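Asks: One structure is given below, represented as structure tokens, and several questions about it will come after.
The values are calculated or read from the model by the stated rules, or taken from the named source; none is laboratory data. Predicted model, so just to flag it, every value in this text is computed and none were measured. Because the Cβ atoms are built from the backbone with ideal geometry, glycine has one as well, and the counts that use them run over all protein chains shown. When the accessible area is computed, the model is the full protein with side chains, heavy atoms only, and any ligands, DNA or RNA have been set aside. Shrake-Rupley method; radii C 1.70, N 1.55, O 1.52, S 1.80 Å.
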Amino acid sequence: MARIGKADVNRALDHVAKSLVTAGGADGRISRADVKKALPTLSTAEKKLADIFFKFVDHRDFKAGATVTKKDIDRAVAYAKQSMVAKYDLNTNGLSKDEIAKMSITGQRAVDLAKALKSAGAAAAAAE
């Protein structure tokens, strides 16, 4: 397996964050119901990351009755980029199979989505 760049994984996190914020609608709040409603509209890789990432964000915002907002999502994405992705690329040459295996499930799902997005982009370019 070829290495995958941190930038690709970070783009996958940004992609899912945007999907979650969109699912929340105009009120600026993202609820579990909003996410549950949006999940069927996503691809398999997007769905897996969106589900686990939203649970991660919701858990970080642990106060009773607290709502998840774009600000919470943005903060969680920044944390994930640093602590769930960059931290594992020890030699700064992309994430290897061994480095990915050491990542959290959320980080691994981000890698899966990055690969899916990358292959979809390659397939689209080949079709043109």
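Asks: Give the accessible surface of the chain per residue, rounded to a whole number of Å², with probe radius 1.4 Å and ligands, DNA and RNA excluded.
Replies: 59
Asks: Over the chain, what is the relative contact order in whole percent, taking alpha-carbon pairs under 8 Å and six or more residues apart?
Replies: 38
Asks: May I pose another question? Could you order the peptides 106-117, 32-43 from most to least packed, using the average number of other C-beta atoms within 10 Å per residue?
Replies: Highest-to-lowest ranking by the protection proxy: 106-117, 32-43.
Asks: If you take the square roots of the eigenvalues of the alpha-carbon gyration tensor of the range 38-106 and sort them as a ≥ b ≥ c, do you get rounded (a/c under 1.5), prolate (a/b over b/c) or oblate?
Replies: Oblate, because a/c is 1.5 or more while a/b does not exceed b/c.
Asks: Would you mind working out the magnitude of the charge dipole of the range 1-96 relative to its Cα centre, with +1 at each Lys and Arg C-beta and -1 at each Asp and Glu C-beta, to the nearest 20 Debye?
Replies: That gives a dipole near 100 debye.
Asks: Any of LYS63/LYS87; LYS48/LYS70; LYS37/LYS97 with alpha carbons more than 31 Å apart? Name them for me.
Replies: Over 31 Å Cα-Cα: LYS37/LYS97.
Asks: Now, a different point. Which order do you get for THR92, THR69 if you rank them by accessible area with a 1.4 Å probe, largest at the top?
Replies: THR92, THR69
Asks: So what are the ³J(HN,Hα) numbers for the range 86-101, from phi and the Karplus equation (6.51, -1.76, 1.60; θ = phi - 60°), rounded to whole Hz, Gly and Pro as x?
Replies: 4, 4, 8, 8, 5, 9, 6, 10, x, 8, 8, 4, 5, 5, 5, 4
Asks: Next up: On the Cα set of the range 3-47, report Rg and Dmax in Å, please.
Replies: 12.0, 40
Asks: To the nearest µm²/s, what D does Stokes-Einstein give for the range 1-89 at 20 °C and 1.002 mPa s, using the Kirkwood radius over alpha carbon pairs as Rh?
Replies: Translational D for this selection: 159 µm²/s.
Asks: Moving to a separate point now. Leaving out ligands, DNA and RNA, and with a 1.4 Å probe, what % of the accessible surface on the chain is carbon or sulfur?
Replies: Using a 1.4 Å probe with all protein chains present, the chain comes out at 56 percent carbon and sulfur.
Asks: Next up: By how many degrees, between 0 and 90 and to the nearest 10, does the Cα long axis of helix 105-127 differ from the longest principal axis of the chain?
Replies: 60
Asks: Given H placed on each backbone N at 1.01 Å, which residues far from LEU95 in sequence or on other chains put an amide H within less than 5 Å of it?
Replies: Sorted by chain and number, the residues that satisfy this are ILE4, GLY5, LYS6.
Asks: On a 0 to 90 degree scale, rounded to 10, what angle separates helix 44-60 from the longest Cα axis of the chain?
Replies: The helix 44-60 is inclined about 50 degrees to the chain.
Asks: Once both axes come from the Cα atoms, what is the angle between helix 6-24 and the longest principal axis of the chain, in degrees from 0 to 90, rounded to 10?
Replies: 20
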